[in-house]
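Worksheet for the structure shown next.
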Amino acid sequence: MFAGLPELGISNGEDLKETLTNCTDPLKAIDQFQMENGILLPTLQSALPFLDLHGTPRLEFHQSVFDELREKLMERVATIAEGKDEDRYIKLEELLEKSFPLVKMPSIQPIVMQVLKHLPKVPEKKLKQVMADKELYKVCAVEVKRQIWQDNQALFGDEVSPLLKQYIVEKEAALFSSDLSVLHNFFSPSPKTRRQGEVVLKLTQMIGKNVKLYDMVLQFLRTLFLRTRNVHYCTLRAELLMSLHDLDISEICSVDPCHKFSWCLDACIREKFVDAKRARELQGFLDGVKKGQEQVLGDLSMILCDPFACNTLVLSTVRNLQELLSQDALPRDSPDLLLLLRMLSLGQGAWDMIDSQVFKEPRMDLEVVTRFLPAMMSIVVDDYTFTVELKLPSEEKSSLTYPTTLPESFSRYVQENRVACEIGLYYVLHIAKQRNKNALQRLLPALVDTYNDMAFGDIFLHLLTGHLTLLSDEFGSEEFCTAVFDNFLLTSFSSKENVHRHCLRLLNHLHQKVLASYMETLMKTLEPPKQSEGLHQVMVQGELVTPDFEFAG
């Protein structure tokens, strides 16, 4: 407990034991020891007997004085550190030298830790001693840990790893939430609200103003994104930068070449729309990537791969297409639309770019603009024509029936092109939001075969199930149930547990609306296999288990 006192020339228990062992008069020896090791204040000696008369133990008195002095010293350390004296850090280093031998003493430790905390550069020897002692490392301030971490990537990785795991678990749990709503879904929280999450705040604090630590976290995120293809790492990359922006950490924001692009995109995500002014700004950043700095495209693509960014870009694309229809204009005539497609293409190609280390914007398939989008617009026209037809007086109606087939180029591009597939999926969400039963029944079968099975991804299924709540009354019809379940969801539920779980989420919400005879068949079909613990829990808690991962380097 009193380790380090002899090193400073201060007597400890062992000295007292030796004195009492070798003395002839123990009481006199104790008096002498108290005189030499008590508070060295001459006027105090005559006052101490009064405390004895009041029954106050000497230990209690000395402890109260010690506590008061410790608080004063800690305040003084902070005052010196915040002052303007040129030699303030020299003073703190001198104090550290005197106090560090007592760092294991609980009563002195707070003072040593306070000095370490306020030193911008702790002596290397002291850092190594702190790092080598688990108990000391645990209690030292994050300011000291940053100095340890910046030269010890493995240790920093050990600290960051549980936070990154927690972040992924939270994101995936949100996608399997038992709450189904078109108004409150995965994309509902604002960027500012998301940045107040525990993991982002902790990482921001751990990084502080340290560019080296920020670069390490980005490298961890790139590595994990490559290993897992999990797009939530892209979200964290963007959130972390904007969290540092919120705190005005210019030391980092000024050196991250993606900062201004992210800031502009963040504003678009907040509004869930890319307006013409911001579109020009974003284009300026993309066009401004200089020769020799193409590696920036890797980080920009990761920021655009963030599902929140992608959501905003595709919503803006669908809105843009609607405006073009109202103006009788073609997709290829809209510069804003072409930019949205360019950014979508860059974001969708993030994994390939980082994996290949070929930092070049992917070439956009022009036929997406000249063939796929016009085909999608023709579907919108079909809907509009049919709706108008229904409103006509009976004598003016033709024998028009709602089309059941889709343009060949629509189905083909949804299967072969990821950007086209993303737009196609969001168009399905758009018509679900409009409660367009006919269009849904026409389009859902086409989603069975999509690029990389994107229609069976958690983000789309999370949104679709929420949007389908708007058509809850339609589930009383066997025709509609067949379109949603037999012709789409049940085509892959047996091979994809996540699809099975989303089916159960939907039925948990709508089971009272589903046709009774159809519901009975569904429950038999969807009964979870005994070995699938996740499916058994989906109604209760929706817990997810993510695989362990380790850091590069």
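Tell me, what is the percent relative contact order of the range 156-356, built from C-alpha pairs under 8 Å that lie six or more residues apart? Walk me through the intermediate numbers first.
Values: 179 pairs, mean separation 41.9, N = 201.
Computed value for the range 156-356: 21 percent relative contact order.
Each of the peptides 235-241, 245-251 was scored by the mean count of other Cβ atoms within 10 Å over its residues; in descending order, highest first, they stand as 235-241, 245-251. Just to verify a number: FRET efficiency for D133 and M364, C-beta to C-beta distance, R0 = 60 Å, to 0.05? Taking R0 as 60 Å, the efficiency between D133 and M364 is 0.60.
Going by average Cβ density within 10 Å per residue, which order do the peptides 366-372, 384-390 take, highest to lowest?
Details: 366-372: 17.4, 384-390: 12.4.
Ranking, from highest mean packing down: 366-372, 384-390.
Straight-line cross-link reach from K277 at under 19 Å between alpha-carbon atoms covers these aspartates and glutamates, not counting any fewer than eight positions away in the same chain: D266, D287, E323, D333, D336.
Taking the chain as a whole, the Cys residues whose C-beta sits 4.7 Å or farther from every other Cys C-beta are C23, C140, C253, C258, C264, C268, C310, C421, C481, C503. What the Cβ-Cβ distance of R412 and D246 gives, at R0 = 51 Å and to the nearest 0.05, is a FRET efficiency of 0.70.
Sort 286-296, 430-440 by packing, meaning the average of other beta carbons within 10 Å per residue, with the highest value first. Working shown, then result.
Values: 286-296: 11.7, 430-440: 18.1.
Answer by packing, highest mean first, reads 430-440, 286-296.
Among (1) 180; (2) 239; (3) 291, which is the computed volume of the Cα convex hull per residue in Å³? This structure yields the entry labelled (2). Beyond 18 Å between alpha-carbons counts as too far, so tell me which of K260/K290; K104/K125; K104/K128; K165/K212; K121/K212 fall in that bin. Beyond 18 Å between Cα atoms: K165/K212. For the pair M35 and V255 in one chain, pulling the backbone fully straight at 0.36 nm per residue adds 73.2 nm over the alpha carbon distance.
Between helix 153-175 and the chain there is an angle of about 40 degrees, using the helix long axis and the longest principal axis of the Cα atoms. Phi-derived couplings, Karplus 6.51 cos²θ - 1.76 cosθ + 1.60 at θ = phi - 60°, listed residue by residue for the range 204-220: 4, 5, 5, 6, x, 10, 7, 4, 5, 5, 4, 4, 5, 4, 4, 5, 4 Hz, with x used for Gly and Pro.
Taking θ as phi - 60° and the Karplus parameters 6.51, -1.76 and 1.60, the scalar couplings of the range 402-412 work out to 5, x, 10, 9, 10, x, 4, 5, 5, 4, 5 Hz in sequence order, x denoting glycine and proline. In this simple spin-label model, placing a label point 7 Å from the Cα along the Cα-to-Cβ direction at both D287 and A141 gives a separation of 4.9 nm. Normalising the average separation of contacting C-alpha pairs (under 8 angstrom, six or more residues apart) by the number of residues puts the relative contact order of the chain at 12 percent. Within the range 234-366, what whole-number % of the accessible surface is contributed by carbon and sulfur, with the 1.4 Å probe and all protein chains included in the calculation? So the carbon and sulfur contribution to the accessible surface is 50 percent. The simple spin-label model puts a point 7 Å past each Cα toward its Cβ; for M74 and L392 those points are separated by 8.4 nm. For the chain, the longest principal axis of the alpha carbon atoms and the long axis of helix 259-271 meet at an angle near 60°.
Given only helices, namely DSSP H runs of n ≥ 4 each adding -39500 (n - 2.57), what is the per-residue ellipticity at 222 nm of the chain, to the nearest 500 deg cm²/dmol? Let's see the in-between values first.
On the way: 31 runs with 347 residues, N = 553.
Only helices count here, giving -19000 deg cm²/dmol.
Within the same chain, aspartates and glutamates fewer than 8 places from K134 are excluded, and of the rest, those with a Cα less than 18 Å from its Cα are E124, E143, D151, D158, E159. A crude spin-label estimate for the pair H54 and R229, with each label 7 Å from Cα along the Cβ direction, gives 7.6 nm. Seen against the Cα atoms of the chain and their longest principal axis, helix 418-433 is set at about 80 degrees. Counting only residues at least eight positions apart within a chain, or on another chain, the lysines with an alpha carbon under 25 Å from that of K524 are K496, K513.
The values are calculated or read from the model by the stated rules, or taken from the named source; none is laboratory data. Here the structure is a predicted model, which is why all the values come from computation and not from measurement. For neighbour counting, all protein chains shown are included, and Cβ atoms are generated from backbone atoms with ideal geometry for every residue, glycine included. Just so you know, the surface numbers come from the protein's heavy atoms only, side chains and all, with ligands and any DNA or RNA stripped out. Shrake-Rupley method; radii C 1.70, N 1.55, O 1.52, S 1.80 Å.
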